[in-house]
1. Give a residue-ordered list of calculated ³J(HN,Hα) values for the range 857-869 (Karplus: 6.51 cos²θ - 1.76 cosθ + 1.60, θ = phi - 60°; whole Hz; x for Gly, Pro).
2. Provide the per residue accessible area, probe 1.4 Å, for the range 759-875, rounded to a whole number of square angstrom.
3. In nanometres, what is the gap between the two model label sites at R786 and Q774, each 7 Å from Cα along Cα-to-Cβ?
4. May I ask which residue of S573, C475, I606 lies farthest towards the positive end of the charge dipole of the range 464-609, with charges of +1 (Lys, Arg) and -1 (Asp, Glu) on Cβ and the Cα centre as origin?
5. Suppose each label sits 7 Å from its Cα in the direction of the beta carbon; what would the Y828-D302 distance come out to in nanometres?
6. Could you compute the net charge surrounding F815? Neighbours are other residues with a C-beta less than 10 Å from the C-beta of F815; K and R count +1, D and E count -1.
7. Among the aspartates and glutamates, which have Cα under 14 Å from the Cα of K455 when same-chain residues fewer than 8 positions away are ignored?
8. Check which residues have an amide H placed less than 5 Å from N338's amide H, if you skip close sequence neighbours.
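The values are calculated or read from the model by the stated rules, or taken from the named source; none is laboratory data. Keep in mind that what you see is a predicted model, and the values were worked out from it rather than measured. As a convention, Cβ positions derive from the backbone with ideal geometry for all residues, glycine included, and neighbour counts pool all protein chains shown. Please note that ligands, DNA and RNA were not included when accessible areas were found on the heavy atoms of the full protein model with its side chains. Shrake-Rupley method; radii C 1.70, N 1.55, O 1.52, S 1.80 Å.
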Amino acid sequence: MANPPPPPPSSSYSVGVVSLPNSNTPTPRPEKRPTPLAFNSPVATRFSPQRSPQDQFPTTSTPSPSTPSPANGMKVGNSAPHLSTPPGPPVFSSPLRPVSVPFRTSPASPQPVVFPPVSSLPMSSPPISSNGYAELQPQTNGSEYIDSEDSPYVLFSAQKVLKQKKKANIPSLGFGALVSPGREISSGPQIVHRGPHRCQNCGAYANLYCNILLGSGQWQCVICRKLNGSEGEYIAPSRDDLRNFPELSSPLVDYIQTGTKRPGYIPVSDLRTSLPVFLVIDQSLDEAYLQHLQSSLHAFVDSLSPTTRIGIITYAQTVSIYDFSEGLMASADMLPGNTSPTQESLKSLKYGTGIYLSPIHASLPVAHTIFSSLSPYKQNLPEVSRDRSLGTAVEVALAIIQGPSAEMSRGILKRTGGNGRIIVCAGGPPTYGPGSVPHSLGHPNYPYMEKTAMKWMENLGHEAHQHDTVIDILCAGTCPVRVPILQPLAKASGGVLVLHDDFGEAFGVNLQRASTRVAGSQGLMEIRCSDDILVTQVIGPGEEAHLETHETFKNDTSLAVEMLSVEETQSFSLYMDTKGDIKNDYVYFQFAVRFLNAYQAEISRITTVKLPTVDSVSAYVESIQSEVAAVLIAKRTLLRAKTSSDAIDMRVMIDERVKDIALKFGLPVPQSKLHRFPKELSSLPENLFHLRRGPLLGSVVGHEDERSVLRNLFLNSSFDLSLRMVAPRCLMHREGGTFEELPAYDLAMQSDSAVVLDHGTDVFIWLGAELAVQEGKSAAALAACRTLAEELTELRFPAPRILAFKEGSSQARYFVSRLIPAHRDPPYEQEARFPQLRSLSADQRARLKSSFLHFDDLSFCEWMRSLKLVPPEPS
């Protein structure tokens, strides 16, 4: 089958070139003066999501006629309408960067699509091909998957693919994968210190599923089925000899080149620990906030590696760039904040005698001095009205990290500077200088100025990304920071915007984790699939890239994604359709990620996946990974929930989606108008019920800025954190310091117990009233719960809030609102879904029942029945 030509480049994917404004005012010279040693809309998504056929499933008010499957009699409805024109390029949607957790967060973890080792190759004599050469076909049974305790690079929503297009492209459920290209796993990929063999037709990489002609060393591409040479490398007397090639024995391979042709490449022995971190600090804080910030900053620099280079800038009406060349004295060069720095000002900083980036081992004492010398805001102005030249400060930090375009001592080779991280510590909105908005939302010109500021910030973020510099913005306090203005700056650079209650513990932890989480830069991901599969949409921290590879690979139809950063804590969500009925027994997927790692070595990480195809709908449903499917559905839904009114619409769409899945894959209840949700997908509707009532779509979060930040974080986050943000994990403390995992129902609120609820960005510890009055016992339980919470979130970024409170307190409402109100269900349903109740005495059951207050919120079972569905049996 001929490969279709690649889609033409679209202007909607163009990246704006940043042009910093020039000032007509006289060039200010940096003013150096010692600081006294006082020790005392929202940005529109870059690729606007179009409504694809996958989002246009019919509502159940007029059910689609269904046809019985000859294989199993299961009812399968009509697929969504499809356009008669050829499919266009995938809708690529680019939310903010994101995040991960170091552990598998569900007892019923999805089975990772991993692959059998080469030892599963058949040991019988190989068949003879038509040219007389013995042919090796590494045959793998499509049902053989190796369970892994580690998070894999790729998770599919199903481990089998339906052959019939009409059955496969059910929009309410969909098919797709979560790809985590920067994820580190304990076993790790096989390492190859040479260039890869690639298909000269489509650009795919040789892998363990390729057919090999032993006599000639030729290999057949699994994507386009073309034969390719291997320069004699794959000539072998037997199959066993081919096992020595990592790419022919493992589905995960890293090709590493320590030498590079990158212009200006300068090998550095300890580059990873010497990358610069620039702190950009708001100097318009009240004393209480400043004291917390100072404590966090002191702890932060103490945690850094001795070779880490650090820079410090503060901003208010002016921008102060601290100079480390003055010994123990905290001195700073001053620039006005009302305009972008001029080229002459930047030259004075770059080529002058000042040292603005210095290794911690040489500058730790003066860094502590600088932090101690910061003074609180003196004037009597509200926080939101204070001048903050945040944009100018970031411009200066970026220019210093880039440094001069230094010519090497010999030759004319130049390097482009960069490769660092800027961390902004903000307590209020940018209200002064470029990228700023008026103090008041009531300003008559505010909408226009907001739009202008958003575009300026986005351009600055793109410039930072071009220089491999990531900008994280850590906000704290109660002052509105104007999230729509700051989000584009972090997002375009590959960074993250995080809101905190204050500059205390959680802020300090995030400060430390932000500086150490980068895995690589200049990332590019290429996605290749069998000709039967079409990638229709990608959601993640990147932008579609248009590569001119056709001179090398004549029919390269891969989808290329420019990654804004390459980090362990992020993932891409891929949504796929089948183009037509599939005739082959297997389909193949290959994910190639090329990036520079922290040591500036070039990495090509290749993951190849083989999935079996089936005719049976029941076999397909049994292979569905409910939790992966729930996360993919949630990300597609959240992408469209840009405002609070959108969120209400998306809750209705969740209802329609669940009904449609039941109609297409469930069975009707005899003598009833109800449908039974398929038992194989028992966790899916409950996870989606958590989604529609939780902080992402529900009314748990009060301020729209907070929900916007959570939404952007979620769209980029890894599978583990995404699942926890959708559906919380509930653990009850037991005697001896152990914990029992329970459903996240309000039936866990038993007065003699302590409960930990992990909801991704928040972890709650709830102490029952009876336990709280027993001082020794409650202290031990609280300590055990806090230890567990810290262990669960040890590597999570952003670090979640950990809140502890007692039953009946005002803060307990945060905990109660995230639990399903199962106390409304009849006792037999409670026991079926919450078996721990059976261990309670009659008196304990009565006390538990009497402790609940009446609310109008539906339980999960009531919600399902309101949709005319029978809830699935608990797994």
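1. Once rounded to whole Hz, the list reads 4, 7, 6, 4, 5, 5, 4, 4, 5, 5, 8, 6, 10.
2. 50 Å²
3. 2.0 nm
4. C475
5. 6.2 nm
6. On the way: positive: R813, R818; negative: D746, D762, E807.
Its environment carries a net charge of -1.
7. Candidates past the 8-residue exclusion: E463.
8. none
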